[in-house]
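> Mind looking over this structure? Questions follow.
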Amino acid sequence: MLRLQFFRSSGPLIFFIPMLVIISLGIAIGYTFMFADIDPGTMLYLATGAPTILLIMAGFVILPQQNGVAKTEGYIEFLRTLPIKRWNIIMTDMIIWLCVIFPGIVISMLVTHLIFDPGYALSFTILPAFLLVSITAIAIGYGFSFALQPHVTQMLSSLLMFGTLMFSPINFPIEHLPNWLQIVHRFLPFHTMANVMRASLASTTYTVYAWEYVKLGLWCALGLTLSISILNQTKT
């Protein structure tokens, strides 16, 4: 299954890997151009928010659009004919996309450290945090791309892309948002994803609560449950 998924996606993956690297560098470095004189605290906030945006872009935007194409081509229906567990289909895609996302995060952190030295303080939770946030993003992206028609998935993923960049408290504190939008983000996973990643990348500056890991786990379970249930259905 892993070989099948890899060879089918190998063409686009050659493009996606450098694209995600460029996006991550653009977020980590390009956002600094918005400030005439950026202080160390703001630089650290931007540097620790960039990996989360990259994970959201991959899981909520690129992957759903690819699944929309796969549904249109009938590839999802073909996967249903294979004598394998539906969990294996999702797991193989997760492995592939984790490998696609990882270089962008590492390169952006390395370049940001060399240019700005924002003050990273990696915690032992960095690997669990990366896996939880990335798998949650992939699971949710899988869920709504399987549940919706391809053209609706395209519109929703585009909306999420712009909404995440402009209105999600990832590269700015949630307190900067109106009260009603703060309440919305207390429910949505984006702010929590940023908190989990930020506390792992700068553990001496930021902290995260245990319930935020639980919240992401629930979102992840919801996405996986929805994806597997739709794969078990007879129609796309």
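The values are calculated or read from the model by the stated rules, or taken from the named source; none is laboratory data. Computed from a prediction, not measured in an experiment: that's the story for all the values here. In this analysis, Cβ positions are derived from the backbone assuming ideal geometry, glycine residues included, and neighbour counts consider all displayed protein chains. Protein only, heavy atoms only, side chains kept; ligands, DNA and RNA dropped before computing areas. Shrake-Rupley method; radii C 1.70, N 1.55, O 1.52, S 1.80 Å.
> Which order do VAL61, VAL69 take by accessible area at a 1.4 Å probe, largest first? Before the final figure, lay out the partial values.
Values: VAL61 10, VAL69 70 Å².
Most to least solvent-accessible, the answer reads VAL69, VAL61.
> Ranking request for peptides 92-105, 115-128: highest mean number of other beta-carbon atoms within 10 Å first, then the rest in descending order.
Working: 92-105: 19.1, 115-128: 14.6.
Final packing ranking: 92-105, 115-128.
> Still on this structure, I have one more. Taking the chain as the reference, fit the longest principal axis to its C-alpha atoms, fit the long axis of helix 190-201 to the helix C-alpha atoms, and give the angle between the two in degrees, 0 to 90, nearest 10.
Roughly 60 degrees, rounded to the nearest 10.
> Estimate the FRET efficiency between ASN232 and ILE115 by the formula 1/(1 + (r/R0)^6), using the beta-carbon distance for r and 45 Å for R0, to the nearest 0.05.
So the FRET efficiency works out to roughly 0.40.
> Right, here's the next one. Can you pull the percent of the chain's accessible area that's carbon plus sulfur, 1.4 Å probe, other chains left in place? Can you show the working numbers first?
Working: 8310 of 11420 Å².
With neighbouring chains kept in place, the figure for the chain is 73 percent.
> Roughly how tilted is helix 126-147, in degrees to the nearest 10 and between 0 and 90, from the longest Cα axis of the chain?
Roughly 40 degrees between the two axes.
> Could you give the length gained by full extension between GLN149 and PHE167, i.e. 0.36 nm per residue of separation minus their alpha carbon distance, to one decimal place?
On the way: separation 18, 0.36 × 18 = 6.48 nm, distance 2.55 nm.
Fully extending the segment from GLN149 to PHE167 adds 3.9 nm.
> May I pose another question? At 1.4 Å probe size, with no ligands or nucleic acids counted, give the accessible surface of LYS85 in Å², nearest ten.
Rounded to the nearest 10, the figure is 150 Å².
> Among LEU131, LEU216, LEU20, determine the one that fluctuates most according to a GNM of the chain built with springs between C-alpha atoms less than 10 Å apart.
LEU131
> Find, among the chymotrypsin sites (Phe, Trp or Tyr not before Pro) in segment 168-236, those assigned to loop by DSSP (not H, G, I, E, B) with at most 14 other beta-carbon atoms within 10 angstrom. Before the final figure, lay out each step's value.
Details: sites: TRP180, PHE187, PHE190, TYR206, TYR209, TRP211, TYR213, TRP219; in loops: TYR206, TYR209.
Counting only loop positions with at most 14 other Cβ atoms within 10 Å, the chymotrypsin sites (Phe, Trp or Tyr not before Pro) in segment 168-236 are TYR209.
> Using the alpha-carbon centroid of each, what span in Å lies between segment 67-117 and segment 4-24?
9
> If you don't mind, another one. Rounded to the nearest whole Å², what accessible area per residue is found for segment 46-198 with the 1.4 Å probe?
Values: 6440 Å² over 153 residues.
That works out to 42 Å² for each residue.
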